[in-house]
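One structure is given below, encoded as structure tokens.
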Amino acid sequence: MSRPPINARERTACEAATLICPTSAISKPDAAQAEPAAGPEELGELYPAVSAIAEGVRWKLADIPWDRFDLTQATAPLRAMVREMAYSEYTTFSATQRFMESFGANTDFSQWVSVWFYEETRHPMVLLKWLALAGETPEADFATRGRISVPFMKSATGTLVTNVISEMVAASAYVGFVRVTEPVLGVLAQRIGADEARHGASFFTYARRAIAQSAEPDRERLAAMKVLHFWLHAAKTVSHPVNEAIGRMRALLPAAGEPPFVPPHDRIVQMVANLVGLPMLTAADLPVQLEVMMRRVHATGARSIYARAQPAS
């Protein structure tokens, strides 16, 4: 049974979830059925809410039907794909270190990052267990090599939006594996993909909070749009672990009997549009709105400089 959100807090979460859900399983309610969305500044501390959601939906390791594993369906190309998936998941360790360094003063967010880290570390663990059942054992330094990541950008909002996008891409990639013929891997893909989508929704909520609390919110919105621009138009040069892993996995998809993976570009655009409050439905809408935001930022900066230059009355 489902219902529309009954208050501003629930509506805020649903707006993000609707865009980030890789299966479009969440419908948007009629505006008349719920309160208007509240800005994150009205929600108080976010950690209690996002951690409670995590507790309520977190899957148990004991729930995985390992006894249904079918060795005949664990083909060499499929094993290579799972190996890449497990390897990319290990970058969460380094990302957590960087989050704690960059956001350490934000006790609310850093507490949630600890939940994110715990849940993410379960992903490579179960994927490696699947590989072990298939007769493969990674090298001793597999985990430490996978932990290498790249530095964060200066903008806190840009960093958060980058993670929203990467979680959306990862969720969509895992959803593609739900239909694989090996039954245990299908279950793992479903559980991990749901985690990634939920994590994306949480990063989205914190990105909204960062914009709302910024002294220059339009500058933070511009940072979010710049991240979107690079993901759409310079994907091959974006040094993000998920982006790099998807690039490596694309070469393996045909051999594994899977169709080419296409990132959810339109949903990503709409997610950023929702975040910054500008009308964008597809990538074609970005250039015009990017110019609109740049003009807003420059106009605000010019007014600020003018105000500081005026003598006191």
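Every read-out reported here was derived from the displayed coordinates using simple, explicitly stated rules and does not represent laboratory data. Computed from a predicted model, the values in this text were never measured in an experiment. With ideal geometry, Cβ positions are generated from the backbone for all residues, glycine too; neighbour counts draw on all protein chains shown.
Within the shell of other residues whose beta carbon sits under 9 angstrom from the beta carbon of His199, the net charge comes to -4, with Lys and Arg scored +1 and Asp and Glu -1. Seen from Ser51, the other residues with C-beta closer than 11 Å to its C-beta sum to a net charge of -3, counting Lys and Arg as +1 and Asp and Glu as -1.
The packing ranking of peptides 106-119, 196-209, 48-61, 214-227, highest mean first, is 196-209, 214-227, 106-119, 48-61, where packing means the average number of other beta carbon atoms within 10 angstrom of each residue. Our note on the geometry: Cα centres of the range 41-75 and the range 193-228, 23 Å apart.
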